[in-house]
Amino acid sequence: MAQGQQPILVLPEGTSRYLGRDAQRMNILAGKILAETVRTTLGPKGMDKMLVDSLGDIVVTNDGVTILKEMDIEHPAAKMLVEVAKTQEDEVGDGTTTAVIIAGELLKKAENLLEMEIHPTIIAMGYRQAAEKAQEILDDIAIDASDRDTLMKVAMTAMTGKGTEKAREPLAELIVDAVKQVEEDGEVEKDHIKIEKKEGAAVDDSTLVQGVIIDKERVHPGMPKKVENAKIALLNCPIEVKETEVDAEIRITDPSQMQAFIEQEEQMIRDMVNSIVDTGANVLFCQKGIDDLAQHYLAKAGVLAVRRVKKSDMEKLSKATGANIVTNIEDLSPEDLGEAGVVSEKKISGEEMILVEECKEPKAVTILVRGSTEHVVSEVERAIEDAIGVVAATVEDGKVVAGGGAPEIEIAKRLKDYADSISGREQLAVSAFAEALEIVPKTLAENAGLDSIDVLVDLRAAHEESTYMGIDVFDGKIVDMKEAGVIEPHRVKKQAIQSAAEAAEMILRIDDVIAASSSGSSEEGMEEMGGMGGMPPM
Ligand code: ADP
Ligand code: MG
(Lines give C-alpha, C1' and ligand atoms only; values in the text may rest on other atoms or scores of the structure.)
(Ligands and ions follow the chains in the order given, each with its own letter.)
Protein backbone atom coordinates (compact mmCIF):
# COMPACT_ATOMS: atom_id res chain seq x y z
CA MET A 1 0.00 0.00 0.00
CA ALA A 2 1.21 3.46 -0.79
CA GLN A 3 2.29 5.10 2.41
CA GLY A 4 0.96 8.54 1.62
CA GLN A 5 -2.60 7.27 1.49
CA GLN A 6 -2.73 5.91 4.98
CA PRO A 7 -5.24 7.90 7.04
CA ILE A 8 -3.85 9.43 10.19
CA LEU A 9 -5.74 8.32 13.23
CA VAL A 10 -5.14 10.73 16.07
CA LEU A 11 -8.05 9.46 18.11
CA PRO A 12 -8.89 5.82 18.60
CA GLU A 13 -11.51 4.29 16.38
CA GLY A 14 -15.08 4.73 17.58
CA THR A 15 -14.39 8.05 19.31
CA SER A 16 -17.21 10.49 18.75
CA ARG A 17 -16.46 14.15 18.38
CA TYR A 18 -18.56 17.28 18.21
CA LEU A 19 -17.07 20.64 17.42
CA GLY A 20 -18.00 24.30 17.80
CA ARG A 21 -21.69 25.12 17.52
CA ASP A 22 -22.62 21.45 17.40
CA ALA A 23 -20.97 20.84 20.72
CA GLN A 24 -22.62 23.88 22.24
CA ARG A 25 -26.03 23.05 20.87
CA MET A 26 -25.88 19.54 22.24
CA ASN A 27 -24.66 20.54 25.64
CA ILE A 28 -27.22 23.28 25.99
CA LEU A 29 -29.97 20.95 24.89
CA ALA A 30 -28.96 18.35 27.46
CA GLY A 31 -28.96 20.95 30.23
CA LYS A 32 -32.32 22.30 29.15
CA ILE A 33 -33.89 18.85 29.10
CA LEU A 34 -32.65 18.15 32.59
CA ALA A 35 -33.99 21.44 33.94
CA GLU A 36 -37.28 20.84 32.17
CA THR A 37 -37.58 17.48 33.90
CA VAL A 38 -37.34 18.80 37.46
CA ARG A 39 -39.21 22.03 36.76
CA THR A 40 -42.68 20.67 37.44
CA THR A 41 -41.69 19.77 41.00
CA LEU A 42 -40.77 23.31 42.11
CA GLY A 43 -42.62 24.91 44.97
CA PRO A 44 -45.47 23.93 47.27
CA LYS A 45 -47.72 23.11 44.33
CA GLY A 46 -45.06 21.18 42.46
CA MET A 47 -45.86 17.63 41.39
CA ASP A 48 -44.02 14.50 42.43
CA LYS A 49 -42.13 12.04 40.30
CA MET A 50 -42.25 8.31 40.50
CA LEU A 51 -38.91 6.72 39.76
CA VAL A 52 -38.59 3.02 39.16
CA ASP A 53 -35.14 1.49 39.13
CA SER A 54 -33.98 -1.62 37.29
CA LEU A 55 -34.87 -3.78 40.28
CA GLY A 56 -38.37 -2.39 40.40
CA ASP A 57 -37.79 -0.33 43.55
CA ILE A 58 -39.95 2.75 43.66
CA VAL A 59 -39.17 6.24 44.88
CA VAL A 60 -41.88 8.88 44.91
CA THR A 61 -40.35 12.30 45.40
CA ASN A 62 -40.47 16.01 44.85
CA ASP A 63 -36.83 16.52 45.75
CA GLY A 64 -34.69 17.77 42.86
CA VAL A 65 -31.44 16.13 43.80
CA THR A 66 -33.09 12.78 44.56
CA ILE A 67 -34.71 12.76 41.13
CA LEU A 68 -31.45 13.56 39.39
CA LYS A 69 -29.47 11.00 41.39
CA GLU A 70 -32.00 8.28 40.65
CA MET A 71 -32.13 9.14 36.95
CA ASP A 72 -28.68 7.78 36.20
CA ILE A 73 -27.76 10.52 33.74
CA GLU A 74 -25.46 9.67 30.81
CA HIS A 75 -24.81 12.94 29.01
CA PRO A 76 -21.63 14.69 30.20
CA ALA A 77 -23.07 18.22 30.17
CA ALA A 78 -26.24 17.06 31.90
CA LYS A 79 -24.03 15.43 34.51
CA MET A 80 -22.55 18.83 35.27
CA LEU A 81 -25.99 20.07 36.22
CA VAL A 82 -26.48 17.04 38.43
CA GLU A 83 -23.29 18.17 40.16
CA VAL A 84 -24.88 21.57 40.72
CA ALA A 85 -27.75 19.89 42.54
CA LYS A 86 -25.39 17.74 44.58
CA THR A 87 -23.28 20.70 45.65
CA GLN A 88 -26.42 22.53 46.64
CA GLU A 89 -27.50 19.50 48.67
CA ASP A 90 -24.15 19.25 50.44
CA GLU A 91 -23.74 22.96 51.12
CA VAL A 92 -27.27 23.84 52.20
CA GLY A 93 -29.51 20.80 51.89
CA ASP A 94 -32.26 22.70 50.08
CA GLY A 95 -32.81 24.63 46.87
CA THR A 96 -31.67 21.82 44.59
CA THR A 97 -34.48 22.22 42.09
CA THR A 98 -34.03 25.98 42.06
CA ALA A 99 -30.33 25.67 41.27
CA VAL A 100 -30.91 23.31 38.35
CA ILE A 101 -33.72 25.29 36.76
CA ILE A 102 -31.73 28.52 36.98
CA ALA A 103 -28.79 26.78 35.30
CA GLY A 104 -31.11 25.40 32.59
CA GLU A 105 -32.60 28.83 31.96
CA LEU A 106 -29.16 30.45 31.77
CA LEU A 107 -28.27 27.96 29.06
CA LYS A 108 -31.50 28.61 27.21
CA LYS A 109 -30.90 32.38 27.22
CA ALA A 110 -27.31 31.79 26.14
CA GLU A 111 -28.57 29.91 23.13
CA ASN A 112 -30.51 32.96 21.96
CA LEU A 113 -27.37 35.06 22.31
CA LEU A 114 -25.34 32.50 20.37
CA GLU A 115 -27.94 32.71 17.60
CA MET A 116 -27.24 36.43 17.54
CA GLU A 117 -23.58 35.61 16.82
CA ILE A 118 -22.36 36.70 20.22
CA HIS A 119 -19.22 34.86 21.13
CA PRO A 120 -19.57 32.33 23.95
CA THR A 121 -16.66 33.89 25.85
CA ILE A 122 -18.51 37.20 25.93
CA ILE A 123 -21.62 35.49 27.22
CA ALA A 124 -19.62 33.64 29.88
CA MET A 125 -17.97 36.89 30.93
CA GLY A 126 -21.28 38.73 31.12
CA TYR A 127 -22.77 35.91 33.15
CA ARG A 128 -19.89 36.07 35.59
CA GLN A 129 -20.27 39.82 36.04
CA ALA A 130 -24.00 39.39 36.54
CA ALA A 131 -23.52 36.59 39.05
CA GLU A 132 -21.18 38.74 41.12
CA LYS A 133 -23.59 41.64 41.06
CA ALA A 134 -26.46 39.29 41.94
CA GLN A 135 -24.60 38.25 45.08
CA GLU A 136 -24.16 41.87 46.10
CA ILE A 137 -27.85 42.53 45.62
CA LEU A 138 -28.72 39.39 47.55
CA ASP A 139 -26.53 40.49 50.45
CA ASP A 140 -28.25 43.83 50.36
CA ILE A 141 -31.80 42.47 50.56
CA ALA A 142 -31.00 39.83 53.20
CA ILE A 143 -32.67 40.20 56.59
CA ASP A 144 -30.73 39.58 59.81
CA ALA A 145 -32.69 37.12 61.94
CA SER A 146 -32.19 33.80 63.66
CA ASP A 147 -34.73 33.86 66.49
CA ARG A 148 -36.91 30.84 67.13
CA ASP A 149 -39.84 32.27 65.23
CA THR A 150 -37.67 32.76 62.14
CA LEU A 151 -36.23 29.26 62.43
CA MET A 152 -39.75 27.81 62.61
CA LYS A 153 -40.79 29.70 59.49
CA VAL A 154 -37.68 28.68 57.60
CA ALA A 155 -38.29 25.02 58.50
CA MET A 156 -41.93 25.20 57.49
CA THR A 157 -41.17 26.90 54.17
CA ALA A 158 -38.72 24.14 53.30
CA MET A 159 -41.30 21.45 54.09
CA THR A 160 -44.31 23.02 52.35
CA GLY A 161 -45.75 20.65 49.80
CA LYS A 162 -43.54 17.69 50.65
CA GLY A 163 -45.92 15.17 52.13
CA THR A 164 -45.69 16.72 55.59
CA GLU A 165 -48.77 18.95 55.34
CA LYS A 166 -50.70 17.66 58.32
CA ALA A 167 -47.75 17.76 60.66
CA ARG A 168 -45.71 20.68 59.37
CA GLU A 169 -45.75 22.64 62.59
CA PRO A 170 -44.96 19.85 65.08
CA LEU A 171 -42.23 18.60 62.76
CA ALA A 172 -40.75 22.08 62.52
CA GLU A 173 -40.70 22.21 66.34
CA LEU A 174 -38.79 18.93 66.47
CA ILE A 175 -36.32 20.11 63.87
CA VAL A 176 -35.65 23.48 65.49
CA ASP A 177 -35.20 21.78 68.89
CA ALA A 178 -32.85 19.22 67.37
CA VAL A 179 -30.68 21.80 65.62
CA LYS A 180 -30.55 24.01 68.72
CA GLN A 181 -29.59 21.01 70.83
CA VAL A 182 -26.60 19.96 68.74
CA GLU A 183 -25.37 23.48 68.01
CA GLU A 184 -21.87 24.06 69.40
CA ASP A 185 -20.29 27.53 69.27
CA GLY A 186 -22.62 28.67 66.53
CA GLU A 187 -21.83 25.67 64.33
CA VAL A 188 -24.23 22.87 63.55
CA GLU A 189 -22.90 19.44 62.59
CA LYS A 190 -25.85 17.99 60.71
CA ASP A 191 -24.45 14.47 61.12
CA HIS A 192 -25.18 14.72 64.81
CA ILE A 193 -28.88 14.67 64.11
CA LYS A 194 -29.76 11.10 63.35
CA ILE A 195 -32.90 10.36 61.42
CA GLU A 196 -34.39 6.95 62.09
CA LYS A 197 -37.48 6.07 60.08
CA LYS A 198 -40.20 3.53 60.79
CA GLU A 199 -43.49 3.16 58.98
CA GLY A 200 -46.71 2.14 60.65
CA ALA A 201 -47.85 5.33 62.42
CA ALA A 202 -49.00 8.82 61.53
CA VAL A 203 -46.50 11.49 60.50
CA ASP A 204 -47.36 13.56 63.59
CA ASP A 205 -46.31 10.64 65.81
CA SER A 206 -42.72 11.49 64.90
CA THR A 207 -40.66 12.31 67.97
CA LEU A 208 -37.36 13.82 69.02
CA VAL A 209 -35.23 11.60 71.21
CA GLN A 210 -32.66 13.31 73.43
CA GLY A 211 -30.13 10.68 72.58
CA VAL A 212 -29.67 8.00 69.97
CA ILE A 213 -31.82 5.22 68.54
CA ILE A 214 -29.89 2.17 67.35
CA ASP A 215 -31.49 -0.26 64.96
CA LYS A 216 -30.23 -3.35 66.86
CA GLU A 217 -31.30 -5.58 69.70
CA ARG A 218 -29.55 -6.73 72.84
CA VAL A 219 -27.28 -9.68 72.23
CA HIS A 220 -28.66 -12.01 74.90
CA PRO A 221 -32.24 -12.59 76.10
CA GLY A 222 -30.99 -12.80 79.70
CA MET A 223 -29.98 -9.15 79.64
CA PRO A 224 -32.23 -6.45 81.10
CA LYS A 225 -34.62 -4.80 78.66
CA LYS A 226 -34.36 -1.51 80.43
CA VAL A 227 -31.57 0.13 82.40
CA GLU A 228 -32.16 3.34 84.30
CA ASN A 229 -29.32 5.71 85.18
CA ALA A 230 -27.29 4.02 82.53
CA LYS A 231 -23.49 4.04 82.70
CA ILE A 232 -22.45 3.42 79.14
CA ALA A 233 -19.24 1.89 77.83
CA LEU A 234 -18.29 2.21 74.15
CA LEU A 235 -15.80 -0.30 72.79
CA ASN A 236 -14.50 -0.63 69.28
CA CYS A 237 -12.67 -3.90 69.81
CA PRO A 238 -14.17 -7.40 69.83
CA ILE A 239 -14.86 -9.15 73.10
CA GLU A 240 -13.46 -12.53 72.20
CA VAL A 241 -10.23 -14.42 72.51
CA LYS A 242 -7.82 -13.09 69.92
CA GLU A 243 -6.83 -15.48 67.21
CA THR A 244 -3.13 -15.98 66.84
CA GLU A 245 -1.57 -13.97 64.06
CA VAL A 246 0.28 -16.90 62.57
CA ASP A 247 -1.26 -20.31 62.12
CA ALA A 248 -0.34 -22.12 65.28
CA GLU A 249 -0.79 -25.75 65.90
CA ILE A 250 -1.50 -26.96 69.38
CA ARG A 251 -0.90 -30.62 69.98
CA ILE A 252 -3.03 -32.06 72.69
CA THR A 253 -2.06 -35.49 73.87
CA ASP A 254 -4.52 -36.15 76.66
CA PRO A 255 -8.02 -34.93 77.64
CA SER A 256 -6.85 -32.96 80.69
CA GLN A 257 -4.74 -30.73 78.48
CA MET A 258 -7.80 -30.02 76.36
CA GLN A 259 -9.75 -29.14 79.47
CA ALA A 260 -7.01 -26.83 80.69
CA PHE A 261 -6.88 -25.13 77.33
CA ILE A 262 -10.63 -24.48 77.28
CA GLU A 263 -10.56 -23.21 80.84
CA GLN A 264 -7.81 -20.82 80.00
CA GLU A 265 -9.82 -19.37 77.16
CA GLU A 266 -12.84 -19.07 79.43
CA GLN A 267 -10.77 -17.31 82.01
CA MET A 268 -9.60 -14.78 79.44
CA ILE A 269 -13.18 -14.01 78.47
CA ARG A 270 -14.18 -13.74 82.12
CA ASP A 271 -11.35 -11.30 82.74
CA MET A 272 -12.47 -9.13 79.86
CA VAL A 273 -16.05 -9.03 81.07
CA ASN A 274 -14.88 -8.32 84.62
CA SER A 275 -12.77 -5.39 83.56
CA ILE A 276 -15.85 -3.91 81.87
CA VAL A 277 -18.20 -4.59 84.79
CA ASP A 278 -15.65 -3.32 87.32
CA THR A 279 -15.79 0.18 85.83
CA GLY A 280 -19.44 0.35 86.86
CA ALA A 281 -20.80 0.06 83.30
CA ASN A 282 -24.31 -1.35 83.03
CA VAL A 283 -24.70 -0.77 79.28
CA LEU A 284 -22.21 -1.73 76.60
CA PHE A 285 -22.10 -0.84 72.93
CA CYS A 286 -19.51 -2.77 70.98
CA GLN A 287 -18.57 -1.93 67.41
CA LYS A 288 -17.29 -5.48 66.87
CA GLY A 289 -18.43 -8.94 67.89
CA ILE A 290 -19.15 -10.28 71.36
CA ASP A 291 -18.31 -13.93 72.02
CA ASP A 292 -21.18 -16.23 73.15
CA LEU A 293 -19.54 -16.84 76.46
CA ALA A 294 -18.93 -13.15 77.01
CA GLN A 295 -22.62 -12.55 76.28
CA HIS A 296 -23.47 -15.04 78.97
CA TYR A 297 -21.24 -13.42 81.58
CA LEU A 298 -22.44 -9.93 80.65
CA ALA A 299 -26.05 -11.06 81.02
CA LYS A 300 -25.22 -12.58 84.41
CA ALA A 301 -23.74 -9.26 85.50
CA GLY A 302 -26.94 -7.46 84.42
CA VAL A 303 -25.30 -5.52 81.59
CA LEU A 304 -27.35 -4.61 78.52
CA ALA A 305 -24.98 -5.18 75.61
CA VAL A 306 -25.30 -4.51 71.89
CA ARG A 307 -22.81 -5.69 69.30
CA ARG A 308 -21.76 -4.73 65.77
CA VAL A 309 -22.91 -1.14 66.20
CA LYS A 310 -22.10 1.04 63.18
CA LYS A 311 -19.11 3.33 63.50
CA SER A 312 -21.27 6.38 62.78
CA ASP A 313 -23.65 5.33 65.54
CA MET A 314 -20.74 4.87 67.95
CA GLU A 315 -19.73 8.47 67.29
CA LYS A 316 -23.26 9.68 67.89
CA LEU A 317 -23.45 7.67 71.11
CA SER A 318 -20.25 9.30 72.23
CA LYS A 319 -21.61 12.78 71.42
CA ALA A 320 -24.93 12.09 73.11
CA THR A 321 -23.74 10.42 76.31
CA GLY A 322 -20.26 11.89 76.74
CA ALA A 323 -18.64 8.45 76.68
CA ASN A 324 -15.21 7.89 75.15
CA ILE A 325 -14.81 5.22 72.52
CA VAL A 326 -12.17 2.86 73.88
CA THR A 327 -10.03 0.56 71.77
CA ASN A 328 -8.53 -1.62 74.46
CA ILE A 329 -10.67 -3.33 77.07
CA GLU A 330 -7.90 -3.05 79.67
CA ASP A 331 -7.82 0.74 79.16
CA LEU A 332 -11.52 1.20 79.97
CA SER A 333 -11.91 3.28 83.10
CA PRO A 334 -14.92 4.80 84.93
CA GLU A 335 -14.07 8.20 83.39
CA ASP A 336 -14.68 6.78 79.92
CA LEU A 337 -18.29 5.92 80.67
CA GLY A 338 -21.16 8.05 79.40
CA GLU A 339 -24.56 8.59 80.93
CA ALA A 340 -28.18 8.40 79.90
CA GLY A 341 -31.41 8.51 81.89
CA VAL A 342 -32.71 5.31 80.33
CA VAL A 343 -31.47 2.75 77.87
CA SER A 344 -34.10 0.32 76.73
CA GLU A 345 -35.04 -2.14 74.05
CA LYS A 346 -38.43 -1.36 72.57
CA LYS A 347 -40.52 -2.75 69.80
CA ILE A 348 -41.27 -0.09 67.21
CA SER A 349 -43.72 -1.31 64.58
CA GLY A 350 -42.68 -4.90 65.08
CA GLU A 351 -38.94 -4.40 65.22
CA GLU A 352 -36.69 -4.26 68.24
CA MET A 353 -34.66 -1.09 68.64
CA ILE A 354 -32.37 0.21 71.32
CA LEU A 355 -33.27 3.65 72.63
CA VAL A 356 -30.68 5.68 74.51
CA GLU A 357 -32.80 8.46 75.96
CA GLU A 358 -32.83 11.31 78.44
CA CYS A 359 -29.19 12.19 77.95
CA LYS A 360 -28.08 15.37 79.72
CA GLU A 361 -27.23 18.11 77.22
CA PRO A 362 -26.64 15.63 74.40
CA LYS A 363 -24.66 16.86 71.41
CA ALA A 364 -26.31 14.23 69.23
CA VAL A 365 -30.04 13.61 68.99
CA THR A 366 -32.38 11.46 66.93
CA ILE A 367 -35.56 12.27 65.12
CA LEU A 368 -37.77 9.21 64.87
CA VAL A 369 -39.76 9.72 61.69
CA ARG A 370 -43.09 7.97 61.37
CA GLY A 371 -45.49 7.70 58.47
CA SER A 372 -48.09 5.28 57.17
CA THR A 373 -46.03 3.50 54.52
CA GLU A 374 -42.41 3.08 53.50
CA HIS A 375 -42.74 5.58 50.64
CA VAL A 376 -44.42 8.19 52.80
CA VAL A 377 -41.76 7.88 55.50
CA SER A 378 -38.97 8.21 52.94
CA GLU A 379 -40.42 11.38 51.44
CA VAL A 380 -41.02 12.87 54.89
CA GLU A 381 -37.43 12.00 55.77
CA ARG A 382 -36.17 13.94 52.72
CA ALA A 383 -38.33 16.91 53.69
CA ILE A 384 -36.92 16.77 57.22
CA GLU A 385 -33.37 16.62 55.88
CA ASP A 386 -34.04 19.75 53.80
CA ALA A 387 -35.53 21.47 56.83
CA ILE A 388 -32.58 20.54 59.04
CA GLY A 389 -30.31 22.02 56.37
CA VAL A 390 -32.12 25.34 56.22
CA VAL A 391 -32.50 25.69 59.97
CA ALA A 392 -28.80 24.91 60.44
CA ALA A 393 -27.83 27.43 57.76
CA THR A 394 -29.97 30.09 59.43
CA VAL A 395 -28.51 29.37 62.86
CA GLU A 396 -24.99 29.59 61.43
CA ASP A 397 -25.43 32.66 59.22
CA GLY A 398 -28.26 34.51 60.95
CA LYS A 399 -29.46 35.76 57.57
CA VAL A 400 -32.63 35.05 55.63
CA VAL A 401 -34.40 36.21 52.48
CA ALA A 402 -38.07 36.15 51.51
CA GLY A 403 -39.28 33.23 49.38
CA GLY A 404 -41.96 32.81 46.76
CA GLY A 405 -39.87 34.29 43.97
CA ALA A 406 -39.37 37.64 45.74
CA PRO A 407 -35.54 37.67 45.73
CA GLU A 408 -35.31 36.48 42.13
CA ILE A 409 -37.58 39.28 40.92
CA GLU A 410 -35.75 41.89 42.98
CA ILE A 411 -32.34 40.73 41.74
CA ALA A 412 -33.61 40.65 38.16
CA LYS A 413 -34.92 44.19 38.48
CA ARG A 414 -31.69 45.59 39.87
CA LEU A 415 -29.57 43.60 37.42
CA LYS A 416 -31.45 45.11 34.51
CA ASP A 417 -30.57 48.57 35.84
CA TYR A 418 -26.99 47.43 36.26
CA ALA A 419 -26.90 46.14 32.67
CA ASP A 420 -27.63 49.63 31.40
CA SER A 421 -24.40 50.80 32.98
CA ILE A 422 -22.32 48.26 31.05
CA SER A 423 -20.99 48.96 27.62
CA GLY A 424 -20.33 46.38 24.98
CA ARG A 425 -21.99 43.11 24.22
CA GLU A 426 -21.67 41.83 27.78
CA GLN A 427 -24.64 44.05 28.49
CA LEU A 428 -26.84 41.61 26.61
CA ALA A 429 -25.53 38.73 28.67
CA VAL A 430 -26.20 40.57 31.93
CA SER A 431 -29.77 41.29 30.83
CA ALA A 432 -30.18 37.66 29.83
CA PHE A 433 -28.98 36.60 33.26
CA ALA A 434 -31.54 38.89 34.88
CA GLU A 435 -34.33 37.44 32.79
CA ALA A 436 -33.17 33.90 33.52
CA LEU A 437 -33.68 34.42 37.26
CA GLU A 438 -37.35 35.16 36.63
CA ILE A 439 -37.76 31.48 35.81
CA VAL A 440 -38.24 30.84 39.54
CA PRO A 441 -41.42 32.90 40.10
CA LYS A 442 -42.55 31.97 36.60
CA THR A 443 -42.34 28.28 37.39
CA LEU A 444 -43.91 28.69 40.84
CA ALA A 445 -46.87 30.33 39.11
CA GLU A 446 -47.12 27.74 36.36
CA ASN A 447 -47.02 24.87 38.79
CA ALA A 448 -49.83 26.50 40.75
CA GLY A 449 -51.93 26.67 37.61
CA LEU A 450 -51.67 30.46 37.34
CA ASP A 451 -51.00 32.56 34.28
CA SER A 452 -47.29 33.10 34.53
CA ILE A 453 -47.18 36.18 32.32
CA ASP A 454 -49.79 38.00 34.40
CA VAL A 455 -48.01 37.00 37.57
CA LEU A 456 -44.65 38.27 36.32
CA VAL A 457 -46.13 41.58 35.23
CA ASP A 458 -47.83 42.02 38.62
CA LEU A 459 -44.71 41.01 40.48
CA ARG A 460 -42.50 43.46 38.61
CA ALA A 461 -44.98 46.22 39.34
CA ALA A 462 -45.17 45.25 43.02
CA HIS A 463 -41.39 45.42 43.28
CA GLU A 464 -41.48 49.08 42.42
CA GLU A 465 -42.91 49.46 45.92
CA SER A 466 -41.50 46.70 48.06
CA THR A 467 -38.62 44.21 47.99
CA TYR A 468 -40.41 41.30 49.58
CA MET A 469 -43.37 40.83 47.28
CA GLY A 470 -43.76 37.28 46.08
CA ILE A 471 -46.38 34.94 44.85
CA ASP A 472 -48.73 33.19 47.24
CA VAL A 473 -49.21 29.97 45.34
CA PHE A 474 -52.26 29.00 47.40
CA ASP A 475 -54.52 31.86 46.40
CA GLY A 476 -52.62 33.29 43.47
CA LYS A 477 -52.16 36.74 45.00
CA ILE A 478 -49.03 38.86 45.20
CA VAL A 479 -48.22 39.31 48.87
CA ASP A 480 -45.39 40.36 51.18
CA MET A 481 -43.60 37.06 51.69
CA LYS A 482 -41.87 38.23 54.83
CA GLU A 483 -45.22 38.89 56.44
CA ALA A 484 -46.66 35.67 55.06
CA GLY A 485 -43.84 33.83 56.85
CA VAL A 486 -42.37 32.33 53.67
CA ILE A 487 -38.67 32.74 54.27
CA GLU A 488 -35.52 30.90 53.31
CA PRO A 489 -31.90 31.10 54.38
CA HIS A 490 -29.77 33.59 52.50
CA ARG A 491 -27.33 30.75 51.85
CA VAL A 492 -29.85 28.75 49.79
CA LYS A 493 -30.21 31.51 47.21
CA LYS A 494 -26.56 32.50 47.30
CA GLN A 495 -25.41 28.97 46.57
CA ALA A 496 -28.13 28.30 43.99
CA ILE A 497 -27.30 31.37 41.92
CA GLN A 498 -23.56 30.90 42.23
CA SER A 499 -23.39 27.25 41.25
CA ALA A 500 -25.97 27.65 38.47
CA ALA A 501 -23.92 30.49 36.99
CA GLU A 502 -20.66 28.60 37.26
CA ALA A 503 -22.07 25.49 35.62
CA ALA A 504 -23.63 27.46 32.77
CA GLU A 505 -20.40 29.34 32.26
CA MET A 506 -18.39 26.15 32.16
CA ILE A 507 -20.73 24.48 29.67
CA LEU A 508 -20.62 27.58 27.44
CA ARG A 509 -16.85 27.55 27.26
CA ILE A 510 -16.81 24.06 25.78
CA ASP A 511 -16.45 23.97 22.01
CA ASP A 512 -15.25 20.45 21.52
CA VAL A 513 -16.61 17.24 22.94
CA ILE A 514 -14.41 14.22 22.40
CA ALA A 515 -15.96 11.09 23.77
CA ALA A 516 -14.22 7.74 23.84
CA SER A 517 -16.34 4.85 22.63
CA SER A 518 -17.59 2.92 25.60
CA SER A 519 -17.73 -0.36 23.64
CA GLY A 520 -21.39 -0.01 22.84
CA SER A 521 -22.47 0.37 26.44
CA SER A 522 -24.31 3.60 25.79
CA GLU A 523 -26.48 1.93 23.18
CA GLU A 524 -27.37 -0.81 25.60
CA GLY A 525 -28.21 1.88 28.11
CA MET A 526 -30.57 3.49 25.62
CA GLU A 527 -32.34 0.22 25.00
CA GLU A 528 -32.82 -0.26 28.69
CA MET A 529 -34.29 3.23 28.97
CA GLY A 530 -36.75 2.38 26.23
CA GLY A 531 -37.74 -0.79 28.00
CA MET A 532 -38.07 1.06 31.34
CA GLY A 533 -36.42 -1.66 33.38
CA GLY A 534 -38.60 -3.02 36.09
CA MET A 535 -41.83 -1.56 34.76
CA PRO A 536 -44.56 -4.02 33.88
CA PRO A 537 -45.14 -4.20 30.13
CA MET A 538 -47.93 -1.95 28.96
P1 ADP B 1 -36.02 23.39 45.93
O2 ADP B 1 -35.54 22.01 45.65
O3 ADP B 1 -35.36 24.38 45.02
O4 ADP B 1 -35.95 23.77 47.36
P5 ADP B 1 -38.86 23.36 46.30
O6 ADP B 1 -39.81 22.46 45.60
O7 ADP B 1 -38.60 23.12 47.74
O8 ADP B 1 -37.53 23.38 45.47
O9 ADP B 1 -39.43 24.83 46.12
C10 ADP B 1 -38.77 25.94 46.65
C11 ADP B 1 -39.45 27.21 46.20
O12 ADP B 1 -40.79 27.27 46.70
C13 ADP B 1 -38.74 28.43 46.75
O14 ADP B 1 -38.61 29.39 45.75
C15 ADP B 1 -39.67 28.90 47.85
O16 ADP B 1 -39.57 30.29 48.10
C17 ADP B 1 -41.01 28.53 47.30
N18 ADP B 1 -42.04 28.44 48.34
C19 ADP B 1 -42.05 27.68 49.44
N20 ADP B 1 -43.17 27.87 50.15
C21 ADP B 1 -43.90 28.78 49.50
C22 ADP B 1 -45.18 29.40 49.71
N23 ADP B 1 -45.92 29.09 50.77
N24 ADP B 1 -45.61 30.28 48.81
C25 ADP B 1 -44.87 30.56 47.74
N26 ADP B 1 -43.68 30.03 47.46
C27 ADP B 1 -43.19 29.14 48.32
MG1 MG C 1 -36.98 23.05 49.00
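If Lys86 satisfies every condition in (1) more than 16 Å from ligand 2 (Cβ to nearest atom); (2) of a type in the set (Lys, Arg); (3) under 27 Å from Ile487 (Cα atoms) but one, which is the exception? Lys86 satisfies all of (1) more than 16 Å from ligand 2 (Cβ to nearest atom); (2) of a type in the set (Lys, Arg); (3) under 27 Å from Ile487 (Cα atoms) except (1).
Would you mind finding the one in Ala103, Ala99 that is more than 12 Å from the chain's Cα centre (by Cα) and either within 15 Å of ligand 2 (Cβ to nearest atom) or not assigned by TED's automatic domain parsing to the domain that holds Pro44 (or both)? Testing whether each residue is more than 12 Å from the chain's Cα centre (by Cα) and either within 15 Å of ligand 2 (Cβ to nearest atom) or not assigned by TED's automatic domain parsing to the domain that holds Pro44 (or both) leaves just Ala99.
Among the residues here, Glu410 qualifies as acidic (Asp, Glu), under 26 Å from Val457 (Cα atoms) and within 16 Å of ligand 1 (Cβ to nearest atom). Taken as a whole, the condition of being away from ligand 1 (no atom under 13 Å from the Cβ) and modelled with pLDDT of 90 or more applies to Asp454. In segment 1-61, counting only strands (runs of 3 or more DSSP E) that sit wholly within it, the ones holding 1 or more residues that are within 16 Å of ligand 2 (Cβ to nearest atom) span 49-52, 58-61. Picking from residues in segment 340-386 that are touching a Ser or Thr at 6+ places or on another chain (Cβ under 6 Å) and more than 24 Å from Val65 (Cα to Cα), the one that is farthest from ligand 2 (Cβ to nearest atom) is Ala340.
Restricting attention to segment 159-190, the residues that are modelled with pLDDT of 90 or more, away from ligand 2 (no atom under 16 Å from the Cβ) and closer than 25 Å to Met47 by Cα add up to 2.
Give, as residue ranges, the helices (runs of 4 or more DSSP H) completely inside segment 62-136 that count at least 2 residues that are away from ligand 1 (no atom under 15 Å from the Cβ) and of a type outside the set (Phe, Trp, Tyr). By residue number, 76-91, 96-115.
Filter segment 378-423 down to residues that are in contact with a Gly (Cβ under 9 Å, 6 or more places away or on another chain) and farther than 30 Å from Ala172 by Cα, then give me how many there are. The total comes to 2. How many residues are more than 21 Å from the chain's Cα centre (by Cα), surrounded by 23 or more Cβ atoms within 10 Å (Cβ to Cβ) and in a helix (DSSP H, G or I) when one looks only at segment 304-318? Residues that pass the stated criteria total 1. Test of understanding: among Thr366, Thr321, which residue is within 17 Å of Ile193 (Cα to Cα), among the β-branched types (Val, Ile, Thr) and assigned by TED's automatic domain parsing to the domain that holds His296? Unique residue meeting the criteria: Thr321. Within segment 39-62, residues that are farther than 19 Å from Val377 by Cβ and among the small types (Gly, Ala, Ser) reach partners that are within 16 Å of ligand 1 (Cβ to nearest atom) and not in a loop (DSSP other than H, G, I, E, B) with beta carbons closer than 8 Å, at six or more positions or on different chains, in the pairs Gly43/Thr443; Gly43/Leu444; Gly43/Asn447; Gly46/Thr97; Gly46/Asn447. I'd like to check something: does segment 153-166 contain any residue that is more than 15 Å from ligand 1 (Cβ to nearest atom), surrounded by 24 or more Cβ atoms within 10 Å (Cβ to Cβ), of a type in the set (A, V, I, L, M, F, W, C) and under 17 Å from Gly485 (Cα atoms)? No - not one qualifying residue is present in segment 153-166.
All of (1) part of a helix (DSSP H, G or I); (2) more than 22 Å from the chain's Cα centre (by Cα) hold for Ser423 with one exception: (1). Of the candidates Gly56, Gly43, Gly64, Gly31, the single residue that is touching a Ser or Thr at 6+ places or on another chain (Cβ under 6 Å) and either assigned by TED's automatic domain parsing to the domain that holds Asp90 or not hydroxyl-bearing (Ser, Thr, Tyr) (or both) is Gly64. Just one of the listed residues (Ala260, Ala201, Ala248) is assigned by TED's automatic domain parsing to the domain that holds Ser378 and more than 27 Å from Asn324 (Cα to Cα), namely Ala201.
The values are calculated or read from the model by the stated rules, or taken from the named source; none is laboratory data. Computed from a predicted structure; not experimentally measured. Neighbour counts run over all protein chains shown; Cβ positions are idealised from the backbone, glycine included.
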